[in-house]
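The values are calculated or read from the model by the stated rules, or taken from the named source; none is laboratory data. All values derive from a computational prediction rather than experimental measurement. Quick reminder, even Gly has a Cβ in these numbers, built from the backbone with ideal geometry, and neighbours come from all protein chains shown. When the accessible area is computed, the model is the full protein with side chains, heavy atoms only, and any ligands, DNA or RNA have been set aside. Shrake-Rupley method; radii C 1.70, N 1.55, O 1.52, S 1.80 Å.
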Amino acid sequence: MTNTTGLRVGVVGCGYWGSKHIRVLHSLESVATIAVIDPNPDRALQLSRNYPALEAYKNLDEALPHLDAVIIATPPSTHKPLALKAIEAGVHVMVEKPLATTAADARDMIEAAKAKDVVLMVGHTFEYHSAVWQLREMVQKKELGDLYYLDTARLNLGLYQHDCNVLFDLAPHDVSILNYVLGATPVSVQCWSSHHANSRLEDVGYLRLHYKDPDVTANVHVSWLDPCKVRRVTMVGSQKMVIFNDLASEERIKVHDKGVTQPPQLGEDLTQPPMSYRYGDVVSPHLVMNEPLMVEDEHFVDCILTGLTPLTGGANGLAVVEVLEAAQLSAAEGREVLIDEVRAERAAKVVLDEVKLHQNGSAPVGELR
């Protein structure tokens, strides 16, 4: 289906993120045609002033016969139906975070893409960020010593979404970063969330993610209701500590050569400090700064053209959605939720659907698995 002169890529939803994708795609030599797919004609008109060769369509149905791939940058509740429609047409798909609003929907998308042999990728942009690559390398080389804990904060005053809460809007970034940096996925989640300015959607959330290998806990704070804009990741180890501040124009990563140690024997002298403190240099390693969105979109195109497996493929997106779904359950029931509970619920539903189909004579038990 691929055009011999280059890929034909459509961007569904041309608001904040969609317009950024269009700018990036316009700079890629392997992309021959870019299509704006948005029901609002003003968006296409505004974009065409900077990119005159854009094609414009009101909906995905009109555009699909003319496309090889689509990037879906629409509200999360629309991700699954739009992606399945494109996949059914044999079109490659990249979906902005989160991949879907439920783990079951994410699995359906993965299975559909596999059946049609098309690329399914999720826009976990920070996994293409050079600073996050540096954090992962530090963990792999054990430069921080034994990891004690990780902490992330993604705060601002807004922007409120209309179809998802702050957990599904902001936390995908941090869960994706943590999974990538640690090279693992959490085994359980605890979550507290609440809504204040909005009567329906939670605008503040705290998540605690428990990882088994490495054995470490990560805390995630997200908020649409904070006076300060914060984009920060902190990692604390036995030897060093590191802070990644994505809002810093320079020195985005700072490695603090400091820590604490406990004396071999505290003894009975309570006048002595219980810990020994070590203070060293603060170093900002050199980073070859990139534009993560550019790297991400180039990778999507490369996967289509060469058959590479996406670094942030469907399974990557599913892992994050499972955490978000477990967090929702944890907040609702006030308890720690195992990720396996989310997976078991899906497995039970599949078996129940099989039994119903078998009873109706539609399919033998086991066919849906």
Comparing TYR206, TYR279, TYR128 in a Gaussian network model of the chain (Cα, 10 Å), the one with the largest mean-square fluctuation is TYR279
Expressed in nanometres to one decimal, the distance between label points 7 Å along Cα→Cβ at ASN40 and THR306 is 3.7
In vacuo Debye sum over C-alpha of the range 1-129, base-10 log of normalised intensity I(q)/I(0) at q = 0.09, 0.17 Å⁻¹, listed in q order, is -0.23, -0.84
Filtered hits (lysines, Cα-Cα < 18 Å from LYS116, offset >= 8 within chain) -> LYS80, LYS85
Contour minus Cα-Cα span, ALA315 to ASN156, at 0.36 nm per residue, comes to 54.3 nm
With +1 on the Cβ of every Lys and Arg and -1 on the Cβ of every Asp and Glu, the dipole magnitude of the chain about its Cα centre, in debye rounded to the nearest 20, is 260
Once the dipole of the chain is set up from charges on Cβ (+1 Lys and Arg, -1 Asp and Glu), the residue from the list HIS66, HIS256, LEU305 lying farthest towards its positive end is HIS66
Here the FRET efficiency for VAL288 versus THR261, based on Cβ atoms and R0 = 35 Å and rounded to 0.05, is 0.50
One computes Rg over Rh for the range 3-75 from alpha-carbon atoms, with the Kirkwood Rh, and obtains 0.92
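Compare SER176, SER19 by solvent-accessible area with a 1.4 Å probe and give them largest first, with all protein chains kept in place.
Working: SER176 5, SER19 35 Å².
From most exposed to least exposed: SER19, SER176.
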Residue by residue through the range 5-18, the couplings from Karplus 6.51 cos²θ - 1.76 cosθ + 1.60 with θ = phi - 60°, in Hz, x for Gly and Pro, are 8, x, 6, 9, 10, x, 10, 8, x, 10, x, 4, 6, x
Per the 1/(1 + (r/R0)^6) rule, R0 = 30 Å and r from the Cβ atoms of ASN59 and ASP340, FRET efficiency to 0.05 is 0.15
In Å², rounded to a whole number, the accessible area per residue of the range 160-230 with probe 1.4 Å is 41
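Can you classify the range 198-290 as rounded, prolate or oblate using the Cα gyration tensor, where a ≥ b ≥ c are the square roots of its eigenvalues, rounded means a/c under 1.5, and otherwise it's prolate if a/b beats b/c and oblate if not?
oblate
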Rounded to the nearest 500, the 222 nm mean residue ellipticity computed for the chain from DSSP H runs (n ≥ 4, each -39500 (n - 2.57)) alone is -11500 deg cm²/dmol
Label model pair GLU137, ASP117: point-to-point distance (7 angstrom along the Cα→beta-carbon line) in nm is 3.8
Here, TYR16 and ASP215, labelled 7 Å along Cα→Cβ, have an inter-label distance in nm of 4.1
In whole percent, the fraction of accessible protein surface over the range 160-256 that belongs to carbon or sulfur atoms, probe radius 1.4 Å, stands at 46
